[in-house]
Amino acid sequence: MGFYVVQFLTGLASAASLFLVASGLTIIFGVTRVVNFAHGSFYMLGAFIAYSLVKTLPLGPTGFWVGVVLAALAVGVIGVVMEVTILRRIYQAPELFQLVATFGVVMVAKDAALLFWGPEDRLGPRAPGLNKAIELFGSRVPEYDLVVIALGFVVLGLLWLLFNRTRWGAVVRAATQDREMLSALGINQKLLFTAVFFLGSVLAGLGGALQLPRASVSHQMDLSIIATVFVVVVLGGMGSIPGAFLAAVIISELSAFGILIFPKITLVLMFLVMVVVLVARPFGILGKPVPDVGEPVQSDETLTRLPSALGWAGYVAVVALLLAIPMLLSEFYLVLWTQVFIFALFAASLHFIMGGGGMVSFGHAAYFGLGGYGCAMLLVRAGLPMEATLLLAPVVAAAGAALFGYFCVRLSGVYMAMLSLAFAQIVWSVVFQWSDVTGGEDGVNRVWPSPWAKDRVVFYYLTLTLAAVGIFTLWRLLFAPFGYTLRAGRDSPMRAESIGIDIRFHRWLAFIISGAAAGVAGSLLALAKGFVGPTWVDIPRSIDALMMVLIGGVQTLVGPILGALTFVILEDRLSAFDYWRSAFGLIIILICVLMPKGIVGSGRALIGRLGLGGGGER
Amino acid sequence: MSVLTVSGLAKSFGGVQALRDVNFTLAAGEILAMIGPNGAGKSTCFNCINGQLRPDLGSVTFAGHELIGLPPRRIWRLGVGRTFQITATFGSMTVAENVQMALISHHRRTRAPWTLATRLHREEALALLDAVGMRDQAERRCSVLAYGDLKRVELAVALAHGPRMLLMDEPTAGMAPKERIALMALTAGIVHDRGISVLFTEHDMDVVFANADRIIVLNRGELIAEGTPAAVRDNPMVQEIYLGAGSMFGAAAAGAHA
């Protein structure tokens with residue numbers, strides 16, 4: 001009995017701190033529609049800052065609480081700085097750009113933490129006067145946990161009062177429901193957004209700071225919490241504070257008790273719950289449907305034409321050049337270019353559903369990873385020859401895409417993106433926890449190509465061929481009736497349905513095709529590196545693909561290829577530096593702010609502005 | 001012979017009875033107008049017929065098929081074309097491609113992976129655009145068209161699969177008065193030539209009285225009058241509902257006789 005009570009209270013304490021962070025994210029999303037990846041970094045920074053403040057403030061026992069509050073406020077200021085300097089410039093850009101820009105902030109924040117606090121984990125002090133445990137039904141509960149639980153309820157109450165009993169809260173609720181109406185009423189939207197970011201970031205910082213006595217402060221806190229927080233926010237209903245509370249309790253209790261019942265699949269459990277809830281209630285437990293039916297996307301910068309004859313000649317020339325140069329390249333560049341081809345195919349596979357179908361996948365690494373692991377398993381564990389694995393691995397990825405896509409295509413917009421992220425995390429969890437088969441954290445080694453393809457030059461040709469054929473096929477599909485049908489569903493779902501098109505079915509097919517292509521890329525990388533590991537399926541890998549597509553430009557065909565090229569080269573050049581991550585992050589942010597249409601789109605816009613383009617309306 | 005039979009249709013939203021026991025039929029080749037003040041239940045009735053809403057009670061049969069429970073796309077396949085109150089076209093495609101898209105769907109080639117879509121059914125699409133007077137704009141993108149032209153494109157799209165019936169929800173909403181008359185005259189000409197039945201809702205009485213063969217009047221979810229334009233115009237109940245809009249009827253009468 002006592003054991004279960006303690007387990008329940010431990011879960012509740014985790015729920016309280018999870019709620020603090022999640023409420024901040026859900027408030028920010030509700031008002032600004034920004035999916036703030038940096039929220040996890042704010043949580044981490046809150047913990048680090050609080051650590052330093054509590055250590056240095058000469059206030060004795062009260063120093064702890066003063067430090068916690070000051071850390072939360074400091075993180076609030078950091079959030080405001082991010083909002084004012086970066087996000088404010090790109091609110092008009094597509095939602096995804098904001099997401100990628102905040103991921104740039106994640107990278108910068110990671111390096112900043114490394115710079116200021118060093119690479120070691122830090123063990124925070126106990127809360128003064130609360131370092132004992134209380135006896136309950138014969139088991140012991142840390143006093144501090146009870147305080148955290150109480151704080152969770154206090155913050156929930158305060159937020160309720162703020163949003164339901166103050167004018168400002170009413171304005172925020174109005175903004176969550178109808179932004180346009182609000183600006184028509186003469187509310188200063190800029191100020192409101194900044195204030196909301198402050199509040200949300202303070203909550204993230206508070207959540208992090210309060211973790212000090214409970215766990216050590218580490219550099220992995222940012223991404224490990226963000227996935228959980230996303231789940232909580234989506235599960236509760238994006239923008240709903242009570243929903244976030246409810247979901248935080250469900251998720252935390254689930255892992256508190258799940259670990260007793262299913263110790264092997266604790267990581268998967270949370271995402272499975274999310275999938276089940278989203279399938280039953282697509283907008284979360286307390287979320288309200290976001291009306292998106294009958295609101296056609298009237299973008300004028302869309303994929304409209306296959307390349308002209310001249311354009312094709314250009315592509316053929318580039319491929320011919322790539323075919324000719326390996327003799328001239330050093331081994332280093334051979335490997336680098338091989339990676340460019342692989343990532344170009346990966347990016348093109350994501351672009352296929354994003355550009356063509358308006359579907360966003362935050363978890364495309366799942367299919368890349370399934371391809372990679374499929375290849376490794378079939379080759380190393382099943383002993384199949386490379387040729388067979390190259391055929392079968394994409395089938396594995398496509399099967400995964402068929403299963404996950406079946407649920408994903410039922411949702412749209414951010415909800416679809418989040419669900420795809422959850423599926424990718426499920427794959428990651430399985431790969432991570434099922435170590436007997438997948439090698440767990442160590443991955444699978446000795447994934448070597450057949451003897452004939454081992455030579456770097458041969459492998460270069462193999463990847464170039466497969467990538468070129470893959471990308472060409474995807475392009476052709478986009479301009480075939482199938483691709484037009486996808487586009488029809490993107491432009492106006494209502495019209496598409498009323499000319500007999502089953503949008504979901506076509507989206508599902510597209511998802512599968514895209515998964516298969518990503519699987520080809522994944523298996524090629526496995527062979528190129530001779531290795532697969534869990535990082536192939538984790539969040540940064542999914543974001544990589546998004547970045548490549550967005551850097552290049554969603555609404556251009558060649559965008560993802562140039563995006564992949566830029567990405568691989570940047571990563572290669574920068575990785576020589578100690579703080580390459582922040583340099584990379586800054587470049588990402590700059591690209592988002594300066595070129596919201598991607599390299600290709602913005603290049604075209606520039607050419608148009610200079611009057612160099614000969615084109616008319618199209 | 002009736003193409004469409006609506007019987008006992010009822011739908012409520014919460015406590016509001018949006019439709020109660022609505023019955024009417026649409027004959028082959030007939031142009032039937034559904035009128036009524038705002039909130040009368042016209043849109044609800046329309047959405048129940050085309051599959052976007054599921055009524056609580058009642059039945060809608062089209063050419064012998066029960067439509068209730070079918071999604072819009074299946075209803076379209078049975079030969080029902082539709083246009084929207086606010087135009088819905090594919091903005092990233094050209095005018096011709098919009099019609100071609102409907103034709104591709106009609107010929108069940110949406111999964112074709114290799115042919116270039118822009119080359120499929122092009123002649124057929126151009127012929128349809130010719131019929132609605134949009135052929136010279138076939139290569140323009142829908143996102144740059146004037147609103148009246150978009151309405152014409154929608155009409156061409158709705159005609160693409162050779163429908164037996166057209167459902168038009170306020171076909172002339174948002175257009176200038178002159179354009180309205182022209183668009184409905186065009187529509188009436190086409191449907192008469194092809195023997196297509198039309199059910200449309202409309203607020204503009206000039207348009208209604210100039211084109212409808214028959215009119216049904218909804219008020220507060222109930223069908224309160226039905227008949228020829230002249231009979232409906234003289235119906236005292238209808239006049240009462242439209243009280244205050246009486247001058248419009250006078251104008252409509254003048255317009256209809258002009």
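Dipole size of region A:155-234 about its Cα centre, with +1 on Lys/Arg Cβ and -1 on Asp/Glu Cβ: approximately 220 debye, rounded to the nearest 20. Between the C-alpha center of region A:255-276 and that of region A:310-384 there is a gap of 34 Å. I'd like to know which of A:Gln425, A:Gly60, A:Val558 lies farthest towards the positive end of the charge dipole of the protein assembly as shown, counting +1 on Cβ of Lys and Arg and -1 on Cβ of Asp and Glu. So the residue we want is A:Gly60. What is region B:1-68 by shape, rounded, prolate or oblate, if you read a ≥ b ≥ c off the alpha carbon gyration tensor as root eigenvalues and call it rounded for a/c under 1.5, prolate for a/b larger than b/c, and oblate otherwise? Because a/c hits 1.5 or more and a/b fails to exceed b/c, region B:1-68 counts as oblate. Across region B:230-239, computed HN-Hα scalar couplings (Karplus, 6.51 cos²θ - 1.76 cosθ + 1.60, θ = phi - 60°) run 5, 5, 5, 4, 8, 5, x, 5, 5, 4 Hz from first to last residue, x flagging Gly and Pro.
Peptide B:117-126 shows a mean partner chain C-beta count of 2 within 10 Å per residue C-beta. Is region A:334-609 rounded, prolate or oblate when judged by the Cα gyration tensor, a ≥ b ≥ c being the square roots of its eigenvalues, rounded requiring a/c under 1.5 and prolate requiring a/b larger than b/c? Because a/c hits 1.5 or more and a/b fails to exceed b/c, region A:334-609 counts as oblate. Legend: ranking of residues A:Leu182, A:Leu57 from fewest to most surrounding C-beta atoms inside 10 Å; resulting order A:Leu57, A:Leu182. Rounded to the nearest 20 debye, the dipole magnitude of the protein assembly as shown is 540 debye, with +1 charges on Lys and Arg beta carbons, -1 on Asp and Glu beta carbons, and the Cα centre as origin. Run through region B:85-118 and list the trypsin sites (Lys or Arg not before Pro) located in a DSSP loop whose Cβ has at most 11 other Cβ atoms within 10 Å. Counting only loop positions with at most 11 other Cβ atoms within 10 Å, the trypsin sites (Lys or Arg not before Pro) in region B:85-118 are B:Arg108. Going by alpha carbons, how many degrees (0 to 90, nearest 10) lie between the helix axis of B:147-159 and the longest principal axis of chain B? For helix B:147-159, the angle is close to 80 degrees. What shape does region B:89-162 take by its C-alpha gyration tensor, where a ≥ b ≥ c are the square roots of the eigenvalues and a/c under 1.5 counts as rounded, a/b above b/c as prolate, and the rest as oblate? The shape class here is prolate. Expressed as a rounded percentage, what relative contact order does chain B have, with Cα pairs under 8 Å and six or more residues apart? Worked out over chain B, it gives 26 percent. Couplings 3J(HN,Hα) for region A:87-93, derived from phi with the Karplus relation 6.51 cos²θ - 1.76 cosθ + 1.60 (θ = phi - 60°), are 5, 4, 7, 10, 4, 7, 6 Hz, where x marks Gly and Pro. Simple rule: put +1 on each Lys or Arg Cβ and -1 on each Asp or Glu Cβ in the protein assembly as shown, find the dipole, and look at A:Ser240, A:Val100, B:Ile68; the Cα lying farthest toward the positive end is A:Val100.
Springs join every pair of Cα atoms under 10 Å in this Gaussian network model of chain B, and among B:Gly91, B:Gly29, B:Gly41 the largest mean-square fluctuation is at B:Gly91. Dipole size of region A:334-609 about its Cα centre, with +1 on Lys/Arg Cβ and -1 on Asp/Glu Cβ: approximately 660 debye, rounded to the nearest 20. Our coupling estimate for region B:95-108, obtained by passing each phi through the Karplus curve with A = 6.51, B = -1.76, C = 1.60 and θ = phi - 60°, is 4, 4, 5, 4, 6, 4, 4, 5, 5, 4, 5, 4, 7, 6 Hz, Gly and Pro reported as x. When the protein assembly as shown is described by a simple charge dipole with +1 on each Lys and Arg Cβ and -1 on each Asp and Glu Cβ, the residue from A:Ser542, A:Ala453, A:Gly76 located farthest towards its positive end is A:Ala453. Peptide A:486-495 has a mean shielding of 6, counted as Cβ atoms of other protein chains within 10 Å of each residue's Cβ. Listed by Cβ neighbour count within 10 Å, with the fewest neighbours leading, A:Ser542, A:Ser240, B:Ser2 appear as B:Ser2, A:Ser240, A:Ser542. Restricting the chymotrypsin sites (Phe, Trp or Tyr not before Pro) of region A:513-587 to loop positions (DSSP other than H, G, I, E, B) with no more than 15 neighbouring Cβ atoms within 10 Å leaves A:Phe577.
Across chain A, the longest run free of exposed loop sites, meaning GluC sites (Glu not before Pro) lying outside DSSP classes H, G, I, E and B with no more than 13 other Cβ atoms within 10 Å, spans A:121-616. The distance linking region A:94-155 with region A:439-518 is 40 Å (Cα centroid to Cα centroid, whole angstrom). Counting only lysines at least 8 places from B:Lys42 when in the same chain, those with an alpha carbon closer than 29 Å to its own are A:Lys288, B:Lys11, B:Lys151, B:Lys178.
Here the residues A:Leu310, A:Leu323, ranked from fewest to most Cβ neighbours within 10 Å of their Cβ, fall in the order A:Leu310, A:Leu323.
No value in this document is a laboratory result; all are computed from the given coordinates. These figures come from a predicted structure and were not determined experimentally. Ideal geometry is used to build each Cβ from the backbone, glycine not excepted, and the neighbour counts take in all protein chains shown.
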